[in-house]
Amino acid sequence: MFIIISFICIASIGQAPKVYLLKVGKMYDSENNVFLKDQEILVEGKKITKVGTGIKAADGTEVINLKNCTVSPGLIDAHTHLLTIQKSTDPLETDVLMNSDIERSLRAVQIAKTYLEAGFTTIRDLGNSGMFLDLNLKRSINNGWVTGPRMIVSGPILSPEDGQFFNLSSQNRFVIDREYRVIKNSEDARQAVKDHISHGVDVIKVVMGDGRITLTLDEVKSIVETAHHYNMKVTAHATYDAVIARALEAGVDGIEHGYGIADSLLDIMARKKVYLVPTIGTFESNRELFDPEKKQTDAQMKGLQEFVKKSEEIVKKAIEKGVMVVNGADMYIYTPKPQGVVAKNSMEAYYVGCGKANEVLRTATWNAAIACGVNRFTGVIKEKMTADIVAFEGDIEKDFVASLYKVKFVMKDGAIFVNIK
């Protein structure tokens with residue numbers, strides 16, 4: 001067994017685009033949410049040009065045998081923080097205080113590559129990334145200087161005075177100034193959105209507030225109205241029912257986390273077509289992220305088990321109620337494993353919750369593409385779409401967890417990055 005890792009090259013003028021014919025044992029059709037057997041996919045340059053059976057390809061076409069694999073659209077993680085990493089027991093501000101922008105950026109280059117090699121061809125990075133360091137990384141990937149997934153970025157998070165921390169404003173102004181855009185009032189909220197758009201962000205991320213100070217309804221409405229005026233979505237970090245309800249009333253497009261969300265709020269989300277990104281993992285995956293030097297108590301382990309079980313039940317309930325569930329791992333915790341691989345823990349947890357491989361894959365393809373605003377060109381394997389494709393060894397429909405972590409092939413924009421033979 002050997003691994004071929006190939007990188008995007010700038011084609012010389014007049015050179016014909018590379019053509020591939022992928023012969024696959026099973027293909028996930030995210031648009032119709034079904035698996036299809038014995039399919040073929042013709043890729044010419046960056047685009048998928050044919051999908052079906054009995055495709056006749058021109059001479060010179062490279063045939064890739066994926067008959068023992070399940071092929072899916074390239075995966076999407078809609079909640080990443082590539083510029084932040086820390087131990088599970090460290091305060092969230094630790095990384096900002098201990099590492100410079102250059103150090104965080106160089107580290108993010110390595111992390112980005114692990115996501116692509118794990119099968120994620122698109123990610124949405126939602127803040128905790130300094131003053132627009134995410135934009136720098138996005139441009140570097142787009143220019144071919146760095147290997148990584150396509151990035152949708154938010155820039156600094158719009159937040160109340162406390163940010164994501166209790167009483168942060170009076171303790172460390174340095175962290176706020178490097179990581180957040182603090183909202184003072186409704187008019188300031190409008191200006192903040194305009195400033196972010198002028199910098200070139202793709203989405204607006206707000207923290208409703210986890211401390212004593214939260215964004216008001218008028219402030220969030222001002223953010224949403226301004227962003228929507230410029231055709232930009234707003235997604236809200238909201239971790240408990242009171243702020244979730246306020247975000248929904250304000251008209252946000254998505255809810256991040258939504259821990260323990262009430263059934264009544266899921267009903268509102270389904271009615272308003274607001275997506276949910278449950279940033280959860282399995283009990284085992286969460287336990288692996290604990291600092292091994294700090295032993296956890298029995299009470300902590302019991303609390304984790306209860307939290308995970310309830311979270312998995314919420315995923316199942318949300319899908320049943322018609323809420324669009326979107327994959328997002330929120331993987332910013334240090335682990336000796338590649339970050340991109342560990343980021344699949346969210347999909348594993350969704351599978352434990354709903355038990356359906358097609359529904360889980362849809363959260364990371366069709367649904368995520370809509371939430372990230374990239375569904376016009378990716379998130380589905382069909383003619384005229386960008387060739388973002390991942391192949392998993394085996395039958396992921398029948399053995400989801402085992403197959404999910406066995407990536408054999410990754411293509412992004414028609415270029416092969418992983419091909420394990």
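Couple of notes before you dig in:
- Restricting the GluC sites (Glu not before Pro) of region 329-421 to loop positions (DSSP other than H, G, I, E, B) with no more than 14 neighbouring Cβ atoms within 10 Å leaves Glu383.
- With a Förster radius of 35 Å applied to the beta-carbon distance between Asp399 and Arg212, the computed FRET efficiency rounds to 0.15.
- Taking a point 7 Å out from the Cα of Lys47 in the direction of its Cβ, the residues of region 349-389 whose backbone N falls within less than 19 Å of it are 374-389.
- In this Cβ point-charge picture (+1 for Lys and Arg, -1 for Asp and Glu), region 201-306 has a dipole of about 140 debye about its Cα centre.
- A helix-only calculation puts the chain at -10500 deg cm²/dmol for mean residue ellipticity at 222 nm, using -39500 (n - 2.57) for each DSSP H run of at least four residues, averaged over all residues.
- The GluC sites (Glu not before Pro) of region 279-336 meeting both criteria, a DSSP state outside H, G, I, E and B (loop) and at most 12 other C-beta atoms within 10 angstrom of the site's C-beta, are Glu293.
- In the elastic network of the chain, a GNM with C-alpha springs shorter than 10 Å, the most mobile of Lys317, Lys233, Lys295 is Lys295.
- Distances between placed amide hydrogens fall under 5 Å for Lys408 paired with Ala391, Phe392, Glu393, all partners being 5 or more residues away or on another chain.
- The three principal axes of the Cα atoms in region 262-379 give end-to-end lengths of 46, 33, 21 Å, sorted in falling order.
- Using a Förster distance of 25 Å, the FRET efficiency for Glu383-Asp38 (Cβ separation, nearest 0.05): 0.85
- For the chain, built as a Gaussian network whose Cα springs stay under 10 Å, the top-fluctuating residue of Gln296, Gln305, Gln191: Gln296
- Candidates Phe174, Phe377, Phe392: whichever shows maximal mean-square fluctuation once the chain is modelled as a Gaussian network with Cα springs under 10 Å: Phe174
- Cα pair distances in region 233-290, grouped into 10 Å bins until the bin that holds the longest one, percent each: 23, 51, 18, 8
- Option label - semi-axes √(5λ) of the Cα gyration tensor in Å computed here, alternatives (i) 41, 24, 19; (ii) 45, 27, 20; (iii) 35, 24, 21: (iii)
- Counting Lys and Arg as +1 and Asp and Glu as -1 over every other residue whose Cβ lies under 11 Å from the Cβ of Val153, the net charge comes to +2.
- Among Asn68, Thr122, Tyr28 the positive-end extreme of the charge dipole of region 19-168 (Cβ point charges): Asn68
- Using θ = phi - 60° and Karplus 6.51 cos²θ - 1.76 cosθ + 1.60, couplings along region 206-212 (whole Hz; Gly, Pro as x): 10, 9, 5, x, 10, x, 7
- Lys47 long-range amide H proximity, modeled H, under 5 Å: Ala387
A short reminder: the numbers here are calculations on the coordinates, not readings from a lab. Fair warning: this is a prediction, and the values are worked out from it, not measured in the lab. Reconstructed Cβ throughout: ideal geometry from the backbone, glycine too, with neighbour counts over all protein chains shown.
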